[in-house]
1. Hey, could you check region 91-116 for residues that are open to solvent by less than 10 Å² (accessible area, probe 1.4 Å) and touching a helix residue (DSSP H, G or I) at 6+ places or on another chain (Cβ under 8 Å) and say which is nearest to MET27 (Cα to Cα)?
2. Among the residues of region 281-296, how many are open to solvent by 40 Å² or more (accessible area, probe 1.4 Å), outside any loop (DSSP other than H, G, I, E, B) and touching a strand residue (DSSP E or B) at 6+ places or on another chain (Cβ under 7 Å)?
3. For ARG188, only one of the following conditions fails: (1) open to solvent by 70 Å² or more (accessible area, probe 1.4 Å); (2) basic (Lys, Arg); (3) modelled with pLDDT of 95 or more. What is its number?
4. Kindly list, by first and then second residue, each pair from a residue in region 110-128 that is outside any strand (DSSP E or B) to a residue that is of a type in the set (Phe, Trp, Tyr) and buried (at least 19 other Cβ atoms within 10 Å of the Cβ), limited to pairs with Cβ atoms under 6 Å and residues at least 6 apart or on different chains.
5. Go through ALA308, ALA267 for me and flag whichever is loosely packed, with under 14 Cβ neighbours inside 10 Å and among the aliphatic types (A, V, I, L, M).
6. Taking the residues in region 211-224 that are open to solvent by 20 Å² or more (accessible area, probe 1.4 Å) and not polar (S, T, N, Q) as candidates, determine which candidate is modelled with the highest pLDDT.
7. Could you tell me whether region 335-348 includes any residue that is more than 30 Å from GLN182 (Cβ to Cβ), touching an Asp or Glu at 6+ places or on another chain (Cβ under 7 Å), open to solvent by less than 30 Å² (accessible area, probe 1.4 Å) and modelled with pLDDT of 95 or more?
8. So, in region 236-261, how many residues would count as being more than 21 Å from GLY312 (Cα to Cα), surrounded by fewer than 23 Cβ atoms within 10 Å (Cβ to Cβ) and in contact (Cβ under 8 Å) with a residue 12 or more places away in the chain?
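The values are calculated or read from the model by the stated rules, or taken from the named source; none is laboratory data. Every value quoted in this text rests on a predicted model; they were computed, and no experiment measured them. Quick reminder, even Gly has a Cβ in these numbers, built from the backbone with ideal geometry, and neighbours come from all protein chains shown. Only protein heavy atoms, including side chains, enter the accessible area calculation; ligands, DNA and RNA are left aside. Shrake-Rupley method; radii C 1.70, N 1.55, O 1.52, S 1.80 Å.
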Amino acid sequence: MKQPPIFPPPFPVDEFRSRLAALRKGMAERGVDMLIVDQREHRAYFSGFSSTAAMYQALLIPLDQEPIAVIRGLDSPSFSEASRFGDYVAFSDNENPIKVAAETIKSRGFGASAIGVERDSHILTVNRALEFESLLPDAKFVDFSRVMWEMRLVKSPLELACLTVAAEICDRAAAAAFEVAQVGVNEREVFAAMTSEAWRSGADNAQVGVMSSGPRSGTLHSSLGDRMLAEGDIVHLEPVPHFRGYTSRLMRPKSIGAPTDEQIRTAETMIQIQDEQFRTMRPGVNAKDVDRVVREGMLEAGLRDSYANITGYTLGLKSPPRTSDFTRVFLADSDWKLEQNQVFHMYTSARGMAFSETIVVTTEGGTRLTKMDRRLFC
């Protein structure tokens with residue numbers, strides 16, 4: 001069995017304290033005395049601990065005190081192992097976690113304070129937000145939307161190290177899958193090879209990939225089927241492993257049997273256009289100019305009749321229920337500029353084939369963290 005990638009050290013407590021210091025600056029600017037953090041990625045980013053979304057859980061961050069976690073009692077051992085901060089209140093499964101969180105806020109002296117809430121959180125439903133307001137009638141609620149998403153865009157060296165490991169897992173998983181993908185093999189066997197290699201290499205999530213074949217190969221978000229691979233099929237792979245919560249991604253096609261000359265030319269043209277796009281990905285460059293390279297290039301080459309989807313989006317720390325992070329996306333009208341050490345999944349597709357990479361923004365242009373050969377495999 002191959003050795004797994006070389007893993008970076010764990011995030012030190014100083015990195016979490018640095019993150020909290022930056023967050024508290026944003027809190028002070030918005031007049032927030034305590035922040036309720038419930039989006040799973042943000043709880044992990046600021047404490048080191050993330051749980052499932054089966055029951056409501058939160059991280060309460062005061063402006064000038066240590067964070068307090070409100071967690072399910074069942075998760076207490078995991079919290080103690082993973083969190084960089086030790087203060088928590090546990091609730092049992094027959095308790096109302098919103099009520100426990102509200103009572104904790106009051107008992108810590110913030111019942112009549114300015115409370116920041118993530119109104120763009122996937123966890124803070126309308127009902128939960130209204131319940132907080134009814135339980136904390138003396139509090140002033142302040143919208144804290146987008147702030148933490150924006151904070152996480154530029155990656156630290158250790159975050160880049162985690163994304164690099166995830167990218168290597170992508171490469172290994174795709175290579176293992178393509179080795180199995182042959183005529184007469186059930187596509188589930190290909191998927192099993194991909195996921196098994198991802199887990200062996202250090203992936204820490206269950207949803208580690210997407211694949212489709214034959215008539216469905218051009219459907220990037222197709223569900224796994226059970227067809228047997230046949231001569232002339234294109235197999236589409238997209239490993240999406242997580243390493244310590246950080247996800248990298250890559251897309252590659254494989255021709256089952258010899259590809260046609262048209263398929264080879266299509267793949268080569270797509271790669272050439274996308275490589276040109278990567279070269280533009282430097283700090284200070286407008287996102288719409290980066291997008292234009294692929295969007296207009298693919299249309300001018302006649303590879304697509306229209307191009308409605310994005311050409312890239314944010315990568316980093318990610319948890320369900322979301323499958324992708326669209327804090328930053330590349331569209332024809334994207335009005336933002338790239339920054340050093342931002343990381344993106346850049347992709348394009350045409351004629352049943354897709355190519356993508358995990359790209360970090362550098363002064364020399366976009367640098368690939370995924371290293372697999374850029375070609376139509378066969």
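1. Once the filter is applied, the top-ranked residue is GLY116.
2. Counting residues in region 281-296 that are open to solvent by 40 Å² or more (accessible area, probe 1.4 Å), outside any loop (DSSP other than H, G, I, E, B) and touching a strand residue (DSSP E or B) at 6+ places or on another chain (Cβ under 7 Å) gives 1.
3. Looking at each condition in turn, ARG188 falls short on (3).
4. Cβ pairs passing all conditions: GLU118/PHE144.
5. Residue meeting the stated conditions: ALA308.
6. LEU224
7. Taking every residue of region 335-348 in turn, none turns out to be more than 30 Å from GLN182 (Cβ to Cβ), touching an Asp or Glu at 6+ places or on another chain (Cβ under 7 Å), open to solvent by less than 30 Å² (accessible area, probe 1.4 Å) and modelled with pLDDT of 95 or more.
8. The total comes to 6.
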